[in-house]
Amino acid sequence: MKLMAGNSNLPLARAIAGYLEQPLTDAAVRRFADEEVFVEINENVRGEDVFVLQSTSYPCNDNLMELLICIDALRRASAKRITAVVPYFGYARQDRKPGPRTPISAKLVANLITTAGADRVLAVDLHAGQIQGFFDIPTDNLFAAPVMAADIQARYGDKPLMVVSPDVGGVVRARALAKRLDNAPLAIVDKRRDKPGQSEVMNIIGDVKGRACILIDDIIDSGGTLCNAAQALMDAGAASVTAYITHGVLSGAAVARVNSSALKELVITDSILPTEATQASDRIRIITIAPLIGEAVRRIADESSVSSLFD
């Protein structure tokens with residue numbers, strides 16, 4: 001087994017390598033003067049089982065090109081099997097046509113990864129589970145819920161909990177987390193989105209009064225939806241509101257919005273390299289999913305069960 005990392009999230013790649021007690025493959029992933037991506041692998045990978053670690057986060061297109069070119073370089077170097085390990089799969093929110101004459105970009109990116117030469121894909125909390133079907137190669141979708149559940153139990157286990165989905169579409173994810181938290185009760189924030197990036201909270205389905213509310217979602221981008229939901233929960237009598245989000249995109253003024261919101265704390269994973277503003281915020285805490293990804297990589301290499309990770 002060999003591990004190769006792009007530049008999108010080197011701290012996570014090093015943490016995964018440390019968990020597996022494997023060095024990262026000696027490779028140069030750099031830019032020419034015009035920002036063209038160049039990859040050179042400085043050691044033999046012929047006949048090897050290689051895992052390419054690369055999130056397609058901001059700058060999304062640059063990191064995606066790095067991933068594709070790394071895969072192509074490995075294929076041309078005769079690697080036996082290439083697994084694209086993509087902790088955050090960019091373009092996942094474009095998984096359907098929201099209107100006429102719009103693309104399904106998640107499918108296009110899946111085709112690009114497959115055509116580049118990947119033999120399988122490993123991702124974490126895909127925005128929609130059906131994205132696995134966009135790939136014509138084996139695809140594993142890991143869940144951060146076990147990591148989050150352990151953290152919630154350690155910090156809020158002695159409080160009356162309420163797991164909350166910030167919208168109707170996230171109910172399945174929220175229910176799965178609630179089941180891990182000794183079947184904690186479930187509430188739903190009913191909202192209406194007027195236009196992209198803005199949402200209006202309508203009402204809360206469930207009695208949250210006096211409870212420590214845990215908002216659960218896969219992605220926080222602008223933060224508007226989450227902060228509105230937190231305020232609505234506090235207005236409904238919640239004791240506190242903490243958000244657990246897998247992918248902290250946190251673009252634009254999202255960090256400032258979180259800092260001034262009703263959220264007690266925002267907990268994100270390190271699937272995306274945190275910005276300086278994210279690291280400096282005393283409202284945002286980062287938990288690692290390196291052991292989760294590392295164990296999945298080990299099991300794929302050993303041809304053992306990945307799904308049993310979540311039993």
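List of remarks:
- Of all residues in the stretch 226-255 being within 25 Å of PHE89 (Cα to Cα) and open to solvent by 30 Å² or more (accessible area, probe 1.4 Å), the one that is nearest to the chain's Cα centre (by Cα): VAL249
- When VAL241, VAL255 are screened for being part of a helix (DSSP H, G or I) and modelled with pLDDT of 95 or more, only VAL255 passes.
- Residue within the stretch 293-302 that is assigned by the TED database to the domain that holds ASN228, of a type in the set (Asp, Glu) and in contact (Cβ under 8 Å) with a residue 12 or more places away in the chain present: no
- Total residues in the stretch 281-311, condition at pLDDT below 95 and part of a helix (DSSP H, G or I): 4
- Unique residue being touching a residue at least 60 places away in the same chain (Cβ under 8 Å), in contact with a Lys or Arg (Cβ under 9 Å, 6 or more places away or on another chain) and within 28 Å of ALA230 (Cβ to Cβ) when the list is VAL255, VAL306, VAL249, VAL267: VAL267
- With respect to the conditions (1) farther than 17 Å from HIS247 by Cα; (2) modelled with pLDDT of 95 or more, VAL85 lacks only one, and its number is (1).
The values are calculated or read from the model by the stated rules, or taken from the named source; none is laboratory data. Keep in mind the model is a prediction, meaning the values are calculated, not measured. As a convention, Cβ positions derive from the backbone with ideal geometry for all residues, glycine included, and neighbour counts pool all protein chains shown. With ligands, DNA and RNA removed, areas are computed over all heavy atoms of the protein, side chains included. Shrake-Rupley method; radii C 1.70, N 1.55, O 1.52, S 1.80 Å.
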